[in-house]
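> To start, I am sharing the structure in question, which I have written as structure tokens.
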Amino acid sequence: MDEAEKIFRSIFKSQISLPLRENFDRASKVFTAAYSKEDIDAYNRALEKISDLEALEFASRYRNRLPLLVLKFKLMVYLAETTPENLGFYVNRKDRRLIGYISIAYGGLRSMVKFIKGMFLLRILKNA
Amino acid sequence: MHDVLIIGSGVSGTSAALRFADNGIVPVILDVGIEPPQEPEIKEKFYSYREKNDSFKLMIGEQFEGLNNLDRRKKVMPAKLVPPRMRFVTDSLKDLYPVKEINFSVIQSFAQGGLANAWGAGVYRYNDRDLRSFPIKKSDLLSYYERLSKELGISGENDDLVPYFGQDNLLQKPLRLSDNAQKLMNNYKKKKKKLNKKGVFIGRPRLAVLSQTFGERKPCDYSNLEFWQPNLSHLYTPSQTLKKLIKENKVVYKKGYLVRSWFRKGNAVIVQVEHIKDRKIEEFECKNLVLAAGAVNSARLALTSRKDSNTRLTLLDNAALLFPFFFPGRIGCRLETDAFGLTQLNFIYDSNEDEIPIQGSILEITSPARAEFFQSFMLASYDNLRLIRYMLPAIMVMQLFLPSSAEDAAAIRINENNELEIYGKNRNINKNLINKTIKILRILKAYTFPFLVVRAPNGHGIHYSGTLPMLESSNRLYTCSKFGELYGEPGVYVADASVFPYLPSKNCSFTVMANAMRVADRISLLLKGRT
Ligand SMILES: Cc1cc2nc3c(=O)[nH]c(=O)nc-3n(C[C@H](O)[C@H](O)[C@H](O)COP(=O)(O)OP(=O)(O)OC[C@H]3O[C@@H](n4cnc5c(N)ncnc54)[C@H](O)[C@@H]3O)c2cc1C
């Protein structure tokens, strides 16, 4: 799996389309250029060593670590919104109140678990 | 020699030009005049378009303009100015006209039509309470407000907010409310007595947005395109008036010129301009010069023309507070994909006769990119997407503008290298106001928490003013007479918000426009030999 594929899968749990991958690769180059070698190395290490990038990014966001990973997640969220096939992730087209409540409550719990896992992953990465 | 030269084609310059045209005078407008990119118009609603088309070009752009706010280490821009088709509004002249911002984030426009190409079109009359530090009264502005109502086309209602916005008998019916706004309005009606007792009033905004056909302009189509496409027919911009005046030969419009300074020669004012393309310098001679370059640039011109790098001028703005709030009962509802994506309602908090009331705009958030909210949610990425999908349809944002404060005002000056420097000051925000507003929202069954309230960066009120204030009798440099004439500079007038000595908690542009017409009337009378 390449960078775009890994990040997309971590956020959306599905497969990235070709046009989105191309846009991500182009944008990624531009934005990465503004980061230091250390940040880029840390990011590459994370991509290589950690499979649950979602948990790692979540903990990094709160711990001010791995800024490039946090940025690439945001980048993917912006870019994916422009593709018709991913619009459903952003736009609720029908009234689904019960599902809405349940998924937000479940999301809160899931995020707590992800956060704890992310903290561990940060430690593993530091010691690696 | 020209009778009148106007610098700038924003709301102030265009309104002055309109009044000159009414008076049979043909002014010359000098403007940088950047125009929108030539892109095919989106003829569908925003969300239907996106269901069928890849929207990378529309939302992000080939230069990744739409990703401006991705990296928070860079200058953050208000979301409405970020989309690729809106970038022309704030295209800067970094090399030609450098600015140093210190604890202040200035939003400037060199576009044809100025900042109002991206405005929210909220048009509010000032009343005598708002004008209490001004040397003029509401009655001095009334006829100009009425003339402008006929030009702009304003929708709204003479409702509970009439004491604050004034009676306007030319209003078109208000726009259709979004479901969230309707819910808030229903809750207000139920609790009206209690809220009014506390000094809280809610009503329809006055918007230069059409709900009915108006001349050649079409009514609002609830397309949610307000963030994405400039020159929407239903939303008034000064370019519409400008184009009409040019077509009718009532104004001479010269774009591509950056005005550098002016000086006096006998009775004439000589204006020095630089061509943007080839940087050639040219001079224009006039009897009357009208500064309408926006409060920052008009002040810059005044300082540069005096070669004054010692004076610091005050720069006022409304500090802006953003209160996102939600209706629990609307979590999981469908996103309203056919809505008007800007101000739905206005909120007034008038707790005490002696204090200036606080005004808020209650905004629908259906138009900006959903991704803009991703960073504000606090869960893991996949769960943040669920919040975007199920929570955002239940959320609105209230933007409160705080009255300007002389103690916390920013300052501007020109340095020895002729660069503009802007120094911002951090303003202490009254926590009590935040807590009270949250309590009021709770009465309306809308919920938020203090930690969700965001203070916009210094300068993001985008109501710059006060740099060249008008006084009853101006008696020192960089102040104006009550007719906008700059002290010690006969024939040089200021028509933009520079002359406002104070900003109440209200969007200022409609009053800027009315005052620009008043200034134009004064010059017209003098030109015709009557005072
Ligand atoms: C997102 C957004 C929403 C807003 N919403 C509202 C709202 O709802 N209600 C409201 O009242 N206000 C609103 N505003 C504020 C409003 O747009 C501005 O207050 C208003 O447009 C200022 O008009 P102006 O004519 O004074 O100056 P500007 O709009 O700044 O125009 C300046 C003009 O001068 C020209 N110029 C500048 N310097 C030079 C020079 N040296 N030589 C030649 N030309 C020059 C520029 O090209 C431009 O044409 C909003 C602003 C923004 C950005």
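Okay, residues lined up against (1) at pLDDT 95 or above; (2) assigned to a loop (DSSP other than H, G, I, E, B); (3) within 27 Å of B:Leu486 (Cα to Cα); (4) in contact with a strand residue (DSSP E or B) (Cβ under 8 Å, 6 or more places away or on another chain):
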| site | (1), (2), (3), (4) |
| --- | --- |
| B:Glu226 | yes, yes, no, yes |
| B:Gln229 | yes, yes, no, no |
| B:Lys244 | yes, no, no, no |
| B:Tyr253 | yes, no, yes, yes |
| B:Asp278 | no, yes, no, no |
| B:Lys287 | yes, no, yes, yes |
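> Can you find, within the range B:94-116, the residue that is farthest from the ligand (Cβ to nearest atom) among those that are over 16 Å from the mean Cα position of the chain (by Cα) and closer than 30 Å to B:Glu355 by Cα?
It comes out as B:Asn103.
> Could you say which residue among B:Val4, B:Val26 is away from the ligand (no atom under 12 Å from the Cβ), surrounded by 24 or more Cβ atoms within 10 Å (Cβ to Cβ) and more than 14 Å from chain A (Cβ to nearest Cβ)?
One residue alone meets the criteria, B:Val4.
> Still on this model: Would it be correct to say that A:Leu79 is farther than 14 Å from B:Ile331 by Cα, in a helix (DSSP H, G or I), out of contact with any Lys or Arg (no Cβ under 7 Å at 6 or more places or on another chain) and open to solvent by less than 30 Å² (accessible area, probe 1.4 Å)?
Yes, satisfied.
> Being within 16 Å of the ligand (Cβ to nearest atom), over 30 Å from B:Ile270 (Cα atoms) and open to solvent by 10 Å² or more (accessible area, probe 1.4 Å) is the requirement here; does B:Pro36 meet it?
Spelling it out, B:Pro36 is indeed within 16 Å of the ligand (Cβ to nearest atom), over 30 Å from B:Ile270 (Cα atoms) and open to solvent by 10 Å² or more (accessible area, probe 1.4 Å).
> Under the condition of being closer than 20 Å to A:Glu57 by Cα and open to solvent by 10 Å² or more (accessible area, probe 1.4 Å), which residue from the range A:11-29 is nearest to the other protein chains (Cβ to nearest Cβ)?
Among those residues, the one meeting the criterion is A:Lys13.
> Also, I was wondering about something else. Among B:Phe325, B:Phe374, B:Phe401, which is more than 14 Å from chain A (Cβ to nearest Cβ), touching a helix residue (DSSP H, G or I) at 6+ places or on another chain (Cβ under 8 Å) and not hydroxyl-bearing (Ser, Thr, Tyr)?
After applying the criteria, what remains is B:Phe325.
> Within the range B:337-367, track down each residue that is closer than 20 Å to B:Leu81 by Cα and open to solvent by 20 Å² or more (accessible area, probe 1.4 Å).
B:Leu363
> Keeping to the range B:434-474, report how many residues are under 23 Å from the mean Cα position of the chain (by Cα) and not hydroxyl-bearing (Ser, Thr, Tyr).
The total comes to 15.
> May I ask you to list pairs of residues, at least six apart or on different chains, whose Cβ atoms are under 9 Å apart, with the first in the range B:40-57 being more than 12 Å from chain A (Cβ to nearest Cβ) and the second being exposed (fewer than 14 other Cβ atoms within 10 Å of the Cβ)?
B:Glu44/B:Lys52
> In this structure, is B:Lys94 open to solvent by 10 Å² or more (accessible area, probe 1.4 Å), under 27 Å from B:Ala411 (Cα atoms) and not in a loop (DSSP other than H, G, I, E, B)?
no
> Related question: For A:Asp52, are the conditions met, namely being within 12 Å of chain B (Cβ to nearest Cβ), touching a Pro at 6+ places or on another chain (Cβ under 7 Å) and either surrounded by fewer than 17 Cβ atoms within 10 Å (Cβ to Cβ) or farther than 15 Å from B:Ser381 by Cα (or both)?
no
> Here is a follow-up. Go through the range B:448-486 and report how many residues are assigned to a loop (DSSP other than H, G, I, E, B) and away from the ligand (no atom under 16 Å from the Cβ).
Qualifying residue count, the range B:448-486: 15.
> Listed residues A:Leu87, A:Leu79, A:Leu98, A:Leu69; which is of a type outside the set (Gly, Ala, Ser) and more than 9 Å from every other protein chain (Cβ to nearest Cβ)?
Selected residue: A:Leu69, the only one of A:Leu87, A:Leu79, A:Leu98, A:Leu69 that is of a type outside the set (Gly, Ala, Ser) and more than 9 Å from every other protein chain (Cβ to nearest Cβ).
> Looking at the range B:7-23, which of its residues are surrounded by 24 or more Cβ atoms within 10 Å (Cβ to Cβ) and among the small types (Gly, Ala, Ser)?
Residues satisfying the conditions are B:Gly8, B:Ser9, B:Gly10, B:Ser12, B:Gly13, B:Ser15, B:Ala16, B:Ala17.
> Within the range B:507-531, how many residues turn out to be closer than 25 Å to B:Gln108 by Cβ, open to solvent by less than 10 Å² (accessible area, probe 1.4 Å) and touching a Phe, Trp or Tyr at 6+ places or on another chain (Cβ under 7 Å)?
Residues that pass the stated criteria total 7.
> Which condition number does B:Glu51 fail, the rest of (1) modelled with pLDDT of 95 or more; (2) under 30 Å from B:Val454 (Cα atoms) being met?
So the condition that B:Glu51 fails would be (2).
> If you don't mind, there's one more thing I want to ask. Just for the range B:253-285: of the residues that are β-branched (Val, Ile, Thr) and either surrounded by fewer than 16 Cβ atoms within 10 Å (Cβ to Cβ) or within 14 Å of the ligand (Cβ to nearest atom) (or both), which one is farthest from the other protein chains (Cβ to nearest Cβ)?
In this case the residue turns out to be B:Val271.
> Sticking with this one: Suppose we keep only residues that are open to solvent by less than 20 Å² (accessible area, probe 1.4 Å) and either assigned to a loop (DSSP other than H, G, I, E, B) or in contact with a Gly (Cβ under 9 Å, 6 or more places away or on another chain) (or both) within the range B:65-76. Which one would you say is farthest from the other protein chains (Cβ to nearest Cβ)?
B:Asn69
Every residue, every condition in (1) charged (D, E, K, R); (2) within 12 Å of the ligand (Cβ to nearest atom), yes or no:
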site	(1), (2)
B:Pro84	no, no
B:Ser92	no, yes
B:Ala118	no, yes
B:Leu131	no, no
B:Lys137	yes, no
B:Tyr144	no, no
B:Asn158	no, no
B:Lys193	yes, no
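> Shifting gears a bit: Does the range B:340-359 contain at least one residue that is in a loop (DSSP other than H, G, I, E, B), hydroxyl-bearing (Ser, Thr, Tyr) and over 26 Å from B:Asn430 (Cα atoms)?
no
> Moving on. In this structure, is B:Leu301 within 14 Å of the ligand (Cβ to nearest atom) and either farther than 11 Å from B:Val492 by Cα or aromatic (Phe, Trp, Tyr) (or both)?
yes
> Let me ask another. Pull out all pairs, ordered by first then second residue, where Cβ-Cβ is under 9 Å, the residues are six or more apart or on different chains, the first lies in the range B:297-310 and is open to solvent by 20 Å² or more (accessible area, probe 1.4 Å), and the second is modelled with pLDDT under 95 and within 15 Å of the ligand (Cβ to nearest atom).
Sorted first by the residue in the range B:297-310, then by its partner, the pairs are B:Thr304/B:Asn418; B:Ser309/B:Asn418.
> Could you tell me how many of the residues in the range A:1-10 are part of a helix (DSSP H, G or I) and more than 12 Å from chain B (Cβ to nearest Cβ)?
Summing the residues that are part of a helix (DSSP H, G or I) and more than 12 Å from chain B (Cβ to nearest Cβ) in the range A:1-10 gives 4.
> Anything in the range B:216-230 that is in contact (Cβ under 8 Å) with a residue 60 or more places away in the chain and open to solvent by 40 Å² or more (accessible area, probe 1.4 Å)? List them, or say none.
B:Asp221
> Scanning the range A:30-49 for residues that are of a type in the set (A, V, I, L, M, F, W, C) and within 15 Å of the chain's Cα centre (by Cα), which turns out least open to solvent (accessible area, probe 1.4 Å)?
Once the filter is applied, the top-ranked residue is A:Ala46.
> Has the range B:161-182 got at least one residue that is away from the ligand (no atom under 16 Å from the Cβ) and within 14 Å of another protein chain (Cβ to nearest Cβ)?
Checked against the condition, which is being away from the ligand (no atom under 16 Å from the Cβ) and within 14 Å of another protein chain (Cβ to nearest Cβ), the range B:161-182 yields at least one hit.
The values are calculated or read from the model by the stated rules, or taken from the named source; none is laboratory data. Note that this is a predicted model, so its numbers are computed, not measured. A quick note on method: Cβ atoms are made from the backbone with ideal geometry, for glycine too, and the neighbour counts reach across all protein chains shown. We work out accessible area using only protein heavy atoms, side chains counted, and drop any ligands, DNA or RNA first. Shrake-Rupley method; radii C 1.70, N 1.55, O 1.52, S 1.80 Å.
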